[in-house]
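Here the structure is laid out as structure tokens; the discussion comes afterwards.
The values are calculated or read from the model by the stated rules, or taken from the named source; none is laboratory data. Everything quoted here is computed from the prediction, not taken from an experiment. Here Cβ is always computed from backbone atoms with ideal geometry, including for glycine, and neighbour counts include all displayed protein chains.
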Amino acid sequence: MTMVSKFIEAIKCFRQNTISPAKPTYDVFAVKFDPSVVTETVKADIRKNVGLIECIPPEYFDRIYDAAVQAEIAGGDLHALSTAILHLNIDGMTKKRAKRVALTLNSKATAVITRERQQRLGITEAIWLYSGAPCDIDPKKPQGNQDASHKAANGKRFRVAEGMFLDGKWTWPGNEDGCRCVSRSVIPALDDGRYNKL
């Protein structure tokens, strides 16, 4: 038997042993979330942001805060948070508005978690990444160009501790209402090209 025929026989044998008419099985991809990243700073930020939401009367702040913290500890469970907000039966709270409140609180908390994680790892710079989906920063204004500064920031470096100066204020990706931007950490050893030849 030649080398080629041995190779072909091996492939046939492999196919026979691996292809079966049995029903396929599906694995669910999951990322384990570390609830310890929901620090006191993150909780304080959630509390502050709950108080800034105009459509929520003050008597609901504590319950929404508790639900938002639990949702973050669960890995950013937007469905659980929006459902909890709806179950409070707040006057004028629609399903759409509850989802927007949940997304806003989650995005802002995620921005703080990301910033804390970067700083804990010694990462001092990041690159602003515009998601491609419009940042609906002020829902009272028409869509238009209200995210022009976020688009212009795409690909630009900023200091993690300071954020980026946009529209007259310092901010971070995902930190403003309706912002869908994220950041990519700059790791000097990987970013300066010294490992490109490997």
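Structure notes:
- Leading residue by the ranking (farthest from VAL50 (Cα to Cα)) among those in segment 79-98 that are of a type in the set (Ser, Thr, Tyr) and in a helix (DSSP H, G or I): THR83
- The residue list TYR130, TYR65, TYR60 contains one member that is touching a Lys or Arg at 6+ places or on another chain (Cβ under 6 Å), of a type outside the set (Lys, Arg) and without any contact (Cβ under 8 Å) to a residue 40 or more places away in the chain, which is TYR65.
- Any hit, segment 135-150, residues being within 26 Å of ASP167 (Cβ to Cβ), in contact (Cβ under 8 Å) with a residue 12 or more places away in the chain and exposed (fewer than 14 other Cβ atoms within 10 Å of the Cβ): yes
- The lone criterion from (1) within 14 Å of the chain's Cα centre (by Cα); (2) modelled with pLDDT under 90; (3) not in a loop (DSSP other than H, G, I, E, B) left unmet by ARG180 is number (3).
- Residue in segment 109-119 that is crowded, with 17+ Cβ neighbours inside 10 Å, in a loop (DSSP other than H, G, I, E, B) and either touching a residue at least 40 places away in the same chain (Cβ under 8 Å) or not charged (D, E, K, R) (or both) present: no
- Yes/no for ASP62 being charged (D, E, K, R), modelled with pLDDT of 85 or more, within 23 Å of the chain's Cα centre (by Cα) and in a helix (DSSP H, G or I): no
- Qualifying residue in segment 97-104 (condition: within 17 Å of VAL38 (Cα to Cα) and either in the same structural domain as GLU176 (by TED's automatic domain parsing) or in contact (Cβ under 8 Å) with a residue 60 or more places away in the chain (or both)): yes
- For segment 144-176, taking the residues that are out of contact with any Cys (no Cβ under 6 Å at 6 or more places or on another chain) and modelled with pLDDT under 85, the one that is nearest to GLY51 (Cα to Cα) is identified as GLN146.
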